[in-house]
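The structure appears right after this line, and notes come after that.
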């Protein structure tokens, strides 16, 4: 199984100039991983690269930045961080992760530290103990990721974890039908950044089709 079009290193260099460690590592990992998940057509590969690029700042940030100001915390999570509480957490990413993600997504309570341990990592920001466990069983047939979640900061595993998420949420079907809104909801829970994602997608289609 390989790509339905000629997928080259120069495509990745053009689309991901800011990629961590340079685009070439990412290209090799994509060549190895994407075909295993049927991400082989221009719309599918363009969708994958576009969504991952939006989530990771062009493949340059592989972990969630939780360094929020008080006002931002109150805006994003008004129930969790009312004024007065937000100030105690502002600028403390580890405390913010434990409070925001504690007691959900398979994480233990705030005091367990799971929120920080299983904060967003990889290209599509895998978050929460349940996701780490399921992804780990799929990639390693064991619970490696629960012991060593930072593995997802490596290009090879960042790609594979994103492919797993893609496959689990059946995102190829939305790439095929061009339903970018539904695809974004599956990834983001809402449609944050939709215009930027679409812009990345249009650019990726152009580059991968050789029309640029």
*Pairing the Cα long axis of helix 129-140 with the longest principal axis of the chain, what angle in degrees results, from 0 to 90 and rounded to the nearest 10?*
40 degrees
*Figure the gain on full extension for residue 138 and residue 104 (residue separation times 0.36 nm, minus the Cα-Cα span) and round it to one decimal in nm.*
10.1 nm
*Roughly how tilted is helix 194-209, in degrees to the nearest 10 and between 0 and 90, from the longest Cα axis of the chain?*
20 degrees
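Under the definition of Cα pairs under 8 Å and six or more residues apart, what whole-number percent is the relative contact order of the chain?
It rounds to 24 percent for the chain.
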*From the P(r) of segment 39-91, can you give the percent of Cα pairs sitting at distances over 12 Å?*
69 percent
*Expressed in nm to one decimal, what extension gain is obtained for the pair residue 206 and residue 28 from 0.36 nm per residue of sequence separation less their Cα-Cα distance?*
62.0 nm
_For segment 71-106 and segment 120-182, what is the centre-to-centre distance using only Cα atoms, to the nearest Å?_
25 Å
*Give me the Debye-computed log₁₀ of I(q)/I(0) at q = 0.09, 0.15 Å⁻¹ for segment 1-121, equal point scatterers on Cα only, no solvent, two decimals.*
-0.39, -0.78
*Let me know the volume per residue of the alpha-carbon convex hull for the chain, in Å³.*
117 Å³
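Would you kindly state how much longer the chain becomes between residue 185 and residue 169 on full extension, computed as 0.36 nm times their sequence separation minus their alpha carbon distance, in nm to one decimal?
Numbers: separation 16, 0.36 × 16 = 5.76 nm, distance 1.06 nm.
In short, 4.7 nm is gained.
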*Which value at 222 nm does the chain reach when only helices count, each DSSP H run of 4 or more adding -39,500 (n - 2.57), with the total divided by all residues and rounded to the nearest 500 deg cm²/dmol?*
-16000 deg cm²/dmol
*asked:* Can you compute log10 of I(q)/I(0) for segment 70-119 with the Debye formula, treating each Cα as one identical point scatterer, at q = 0.13, 0.20, 0.24 Å⁻¹?
replied: -0.26, -0.60, -0.81
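Each value in this text was obtained by applying a stated rule to the coordinates, not by laboratory testing. None of these values were measured; they are calculated from a predicted model.
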